[in-house]
Amino acid sequence: MTRFKGWSQFRRESPARGDKVAWLDGLLVAASGVTIVMDPVKLRKLPESARVFVSHAHSDHTRGFGHKGLKQSTVETKNIHSALNRQAISNFTAIDLNRKVSVDGVEIRALNAGHMLGSAQFLVHTPTSSILYTGDINCVDTLTTKAAEPHRCDILVIEATYGSPIYHFPSRETIYAGVVEWAVEMIKQGCVPCLHVYAAGKAQEMVRLFNVYTHLPVVVNPRLDGVNEAYRKGGHSLNWLASNSDDGSKILERDPCVYITTPGDRRSIGRKAARAFATGWALSMRGRNAAFPLSSHADFEQLVSFIKACHPEEVYIFTGFAEELRRTVKSELGLDARAVPMINQRKLFEDY
Ligand SMILES: [Zn+2]
């Protein structure tokens, strides 16, 4: 059996068969002589023969694209990553949602995670157990994604970004209505409503929101342009203008419009701007700007329901409020649950 120095922050081994499930800022499953790693952050200790799976295109999950060996993700995840980073990815094979990949007796299935275009959970079947790694999940339908569905598994490895009871999100429709009402009101007051959101996922949901519910032109920060194209390629109907295009810059200068940009963008748009954020953290934010609790993650209750529906024997919880969620899973669901060390949590103002 291969030994991985340092890969022991949690480790579950079945010595008779040589299976191993371990965590080091990413999930490792070693069975039948195959090593699979999902969303690894540290690549130094990874043997080149390991197969890397990337769950989605947010930068805290995509370090694995730098691995020398074989890498797999959905083609949408690769396209969005390439649009954001202009990075060519070699030694890559796409994995389709709901399709199985078999490697020497180990099966890997990518399942919709509902978090952003192309986002996947990975369900791994080894000869002795089934392991579901969720990556980031969202359990409600949005204008650009379908809700993630739970799957039966022996071992569940799940995120807990909003795994505290203080995070209970209002319905999507209520939040959508609030964003549109606010934008229209700001325009009436002579401002350009500027929405600060993550460049990949939330930004495209915002573009779609204004396309569907208003006739307002949507101008975007050029950084969003390539990701919007990847969504269009993925079958989403989005209409937008980049602020560095002739038409986009003219509209932004003088017409009623909405501007969608990244969380940290403070550049002047040359007109009076009304700024707002759209993030799950809005429920715990204090500040002068408007903030809408629109999240691409499951809230606390959704996480608990999801875990229950997977019927796991063991639950490992990473990132965010892992310890709070662990306590609830243990006390309310009676499941064997452990928190694993945090991966780098996205920061609200981090651009990617
Ligand atoms: Zn994410």
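Readers should treat all values here as calculations from the given coordinates under stated rules, not as data from a laboratory. Everything quoted here is computed from the prediction, not taken from an experiment. Ideal geometry is used to build each Cβ from the backbone, glycine not excepted, and the neighbour counts take in all protein chains shown.
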Original post:
Among the lysines, which have Cα under 23 Å from the Cα of LYS272 when same-chain residues fewer than 8 positions away are ignored?
Top reply: LYS188, LYS250
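Which is the longest stretch in the chain that no exposed loop site breaks, taking sites as GluC sites (Glu not before Pro) with a DSSP loop state and at most 15 other Cβ atoms within 10 Å?
Values: sites that count: GLU48, GLU313, GLU350.
The segment 49-312 is the longest one with no such site.
As a footprinting exposure proxy, order HIS56, HIS67 by other Cβ within 10 Å, with the fewest listed first. Don't skip to the answer; put the middle values down first.
Working: HIS56 28, HIS67 20.
Ordered from fewest to most neighbouring Cβ atoms within 10 Å, HIS56, HIS67 come out as HIS67, HIS56.
Under Stokes-Einstein, with the Kirkwood radius over Cα pairs standing in for Rh, what whole-number D in µm²/s applies to the range 94-243 at 37 °C and 0.692 mPa s?
Details: Rh = 17.5 Å.
Translational D for this selection: 187 µm²/s.
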Original post:
With the contact rule set at Cα under 8 Å and sequence spacing of 6 or more, what percent relative contact order holds for the chain?
Top reply: 16
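Treat the range 278-343 as a sphere of radius equal to its Kirkwood radius over Cα pairs and apply Stokes-Einstein at 4 °C in a medium of 1.567 mPa s; give the translational diffusion coefficient in µm²/s, rounded to a whole number. Show your work: numbers first, answer last.
Numbers: Rh = 13.2 Å.
Calculated translational D: 98 µm²/s.
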Original post:
About its Cα centre, what dipole magnitude does the range 172-292 give when the only charges are +1 on Lys and Arg Cβ and -1 on Asp and Glu Cβ, stated in debye to the nearest 20?
Top reply: 360
Original post:
For the range 172-292, what log10 I(q)/I(0) values come out of the Debye formula at q = 0.14, 0.17, 0.18 1/Å, with one point per alpha carbon and no solvent?
Top reply: -0.53, -0.80, -0.91
Subject >> Cα→Cβ-extended label distance, 7 Å offset, between MET285 and THR128, nm >> reply: 4.7
Subject >> Length gained when the stretch LYS68-GLU185 is fully extended (0.36 nm per residue, less Cα-Cα span) >> reply: 37.0 nm
Original post:
Rounded to the nearest 20 Debye, what is the dipole magnitude of the range 271-342 about its Cα centre when Lys and Arg each give +1 and Asp and Glu each give -1 at the C-beta?
Top reply: 760
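Find out how many positive minus negative residues lie around VAL101, taking Lys and Arg as positive, Asp and Glu as negative, among other residues whose Cβ is under 15 Å from that of VAL101. Intermediate results must be reported in sequence, preceding the final value.
Details: positive: ARG51, LYS71, ARG99, LYS100, ARG109; negative: ASP96, ASP104, GLU107.
Within the 15 Å Cβ shell, the charges total +2.
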**OP:** For an R0 of 56 angstrom, estimate the FRET efficiency from the Cβ-Cβ distance between ARG44 and HIS168 and round to the nearest 0.05.
**Re:** 0.90
**OP:** Run down the lysines and flag those whose C-alpha is under 26 Å from the C-alpha of LYS146, throwing out any fewer than 8 positions away in its chain.
**Re:** LYS71, LYS78, LYS100, LYS202, LYS233, LYS308, LYS347
Original post:
Simple spin-label model, 7 Å along Cα-to-Cβ: VAL75 to ASP246 in nm?
Top reply: 3.4
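What is the fewest-to-most order of TYR167, TYR133 by other Cβ atoms lying within 10 Å of their Cβ? Intermediate results must be reported in sequence, preceding the final value.
Working: TYR167 24, TYR133 28.
Ranked by crowding around the Cβ, least crowded first: TYR167, TYR133.
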**OP:** Using the number of other C-beta atoms within 10 angstrom as an exposure proxy, rank VAL75, VAL21, VAL34, VAL219 with the fewest first.
**Re:** VAL75, VAL34, VAL21, VAL219
Subject >> Separation of the LYS146 and PHE92 label points, Cα + 7 Å toward Cβ, nm >> reply: 2.4
Original post:
Taking only the alpha carbons of the chain, what extent do you get along each of the three principal axes, in Å, biggest first?
Top reply: 71, 45, 30
